[in-house]
Amino acid sequence: MEHVLVITRALLDQLGSFQGFQPEVDRYLTAMLAPGANFFMERPAAEQDPTHKQLIPYSIFHHDGRYLCYTRGGKSGEKRLVSKRSVGIGGHINPVDQSHDGLGESMYFNSIEREITEELVIGGTHTQEVIGLINDDSSEVGSVHLGVVHRFELSSGEVRSNEDAIQDLQFYTLAELRAMRDQLETWSQIIVDHLKA
C-alpha cells in the first residue's frame, strides 16, 4: 500500500488558503515542512479526503527560452489526467524519501530528485528554485493535492522520457504553450498564465 505525505487542510487555511498560484513560497513551505506539520497517509484514503492535502512537487523545465511539455500516457499514475498535456513532472512524496533525520526539507528534496530520475533522462547540468505553490479546489483531483512548483534551468536541451506515462516530449515557447492552453491540465494552465516571457 503506497503512503503519501500530507498536511491538514486546516494548516493551509491557517497559512492562508488560496485558489490558483501563490508566489510566497517561504511562508508556506517552511511551515508545511516543519516537524509535526506533515505525516504519511495511505494513498487511497488521501485521494478521497479533502480535509488533507497531498504535497506534490511539480517540476517545470526551462532551456533557452522554452519550456518542456508532454502528453500524459495511459500508464500515468493519475488516471484522471490521462491524455492531458502537461508542463509539470509531479509525484507524491513517499516514505522511501526519508533520510536519516526523518521528515522535513531533506526528505522533500530527495523526493524531487527521485521523481525526476524515474521519469526523465536529462543531459547536462541543472539548477532549480521553488517559484510558488498551486491550489485548485475546483476539481476532484485538485481538491486533495497541493502543488509546489520547482523551476529547473537546464544547461542542455537533451531531455528524453524515461517512462511510458510521458509521451510527445518537446520544448515550446510560452506563446506556443498559451496557444494550446485548452489542451493543458489545470495546474499547467495556472503555471502558463503565471509565467513571464
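The values are calculated or read from the model by the stated rules, or taken from the named source; none is laboratory data. This structure is a prediction, so every number in the text was calculated from the model and none was measured. Counting neighbours? That spans all protein chains shown, and the Cβs are built from the backbone with ideal geometry, glycine included. Surface areas here come from the heavy atoms of the whole protein model, side chains and all, with no ligands, DNA or RNA. Shrake-Rupley method; radii C 1.70, N 1.55, O 1.52, S 1.80 Å.
Taking only the range 35-66 into account, find how many residues are outside any strand (DSSP E or B) and within 22 Å of Arg114 (Cβ to Cβ).
Going residue by residue through the range 35-66, those that are outside any strand (DSSP E or B) are 35-38, 43-51, 64-65.
From the residues that got through so far, the ones that are within 22 Å of Arg114 (Cβ to Cβ) too are 35, 37-38, 43-44, 46-47.
The qualifying residues number 7.
With the condition kept exactly as written, say whether any residue in the range 38-56 is of a type outside the set (Val, Ile, Thr), in contact with a helix residue (DSSP H, G or I) (Cβ under 6 Å, 6 or more places away or on another chain), at pLDDT 90 or above and closer than 18 Å to Asp164 by Cβ.
No, the range 38-56 has no match at all.
Suppose we filter the range 82-103 for residues that are at pLDDT below 70 and either over 17 Å from the mean Cα position of the chain (by Cα) or crowded, with 17+ Cβ neighbours inside 10 Å (or both); how many remain?
Of the residues in the range 82-103, the ones at pLDDT below 70 are 82, 99-103.
Subset that is either over 17 Å from the mean Cα position of the chain (by Cα) or crowded, with 17+ Cβ neighbours inside 10 Å (or both): 99-103.
Residues in the range 82-103 being at pLDDT below 70 and either over 17 Å from the mean Cα position of the chain (by Cα) or crowded, with 17+ Cβ neighbours inside 10 Å (or both): 5 in total.
For the range 126-180, give me each residue that is of a type in the set (S, T, N, Q) and touching a strand residue (DSSP E or B) at 6+ places or on another chain (Cβ under 8 Å).
Step one: filter the range 126-180 for residues of a type in the set (S, T, N, Q), giving 127-128, 135, 138-139, 143, 155-156, 161-162, 167, 170, 173.
Within the range 126-180, Thr127, Gln128, Asn135, Ser155, Ser156, Ser161, Asn162, Gln167, Gln170, Thr173 qualify.
Which ones in the range 144-169 are assigned to a strand (DSSP E or B), over 14 Å from Ile60 (Cβ atoms) and either open to solvent by 20 Å² or more (accessible area, probe 1.4 Å) or free of Cβ contacts under 8 Å to residues at least 12 places away in the same chain (or both)? I'd like the intermediate steps shown before the answer.
If we filter the range 144-169 for residues that are assigned to a strand (DSSP E or B), which is where we start, we get 145-154, 159-161, 166-169.
Next cut, over 14 Å from Ile60 (Cβ atoms) only: 145-146, 160-161, 167-168.
Within the range 144-169, Arg160, Ser161, Gln167, Asp168 meet the criteria.
Could you figure out which of (1) touching a residue at least 24 places away in the same chain (Cβ under 8 Å); (2) more than 21 Å from His52 (Cβ to Cβ); (3) among the polar types (S, T, N, Q); (4) open to solvent by 20 Å² or more (accessible area, probe 1.4 Å) isn't true of Gln189?
Looking at each condition in turn, Gln189 falls short on (1).
Residues of the range 33-52 being surrounded by 15 or more Cβ atoms within 10 Å (Cβ to Cβ), hydrophobic (A, V, I, L, M, F, W, C) and touching a residue at least 60 places away in the same chain (Cβ under 8 Å), which ones?
Leu33, Ala46, listed by residue number.
Out of curiosity, is Arg181 touching a helix residue (DSSP H, G or I) at 6+ places or on another chain (Cβ under 9 Å) and touching a residue at least 40 places away in the same chain (Cβ under 8 Å)?
Numbers: touching a helix residue (DSSP H, G or I) at 6+ places or on another chain (Cβ under 9 Å): yes; touching a residue at least 40 places away in the same chain (Cβ under 8 Å): no.
No; evaluated as a whole, the condition is false for this residue.
What is the one condition in (1) assigned to a strand (DSSP E or B); (2) acidic (Asp, Glu); (3) over 12 Å from Ile60 (Cα atoms) that Asp137 does not satisfy?
(1) is the only condition that Asp137 fails.
Output the number of the condition that Ile131 fails; it satisfies all remaining conditions of (1) closer than 20 Å to Leu12 by Cα; (2) in contact (Cβ under 8 Å) with a residue 60 or more places away in the chain; (3) assigned to a loop (DSSP other than H, G, I, E, B).
All conditions pass for Ile131, except number (3).
Can you name the number of the only condition in (1) more than 21 Å from Lys84 (Cα to Cα); (2) open to solvent by 10 Å² or more (accessible area, probe 1.4 Å); (3) not in a strand (DSSP E or B) that Ser111 fails?
The one condition Ser111 does not meet is (2).
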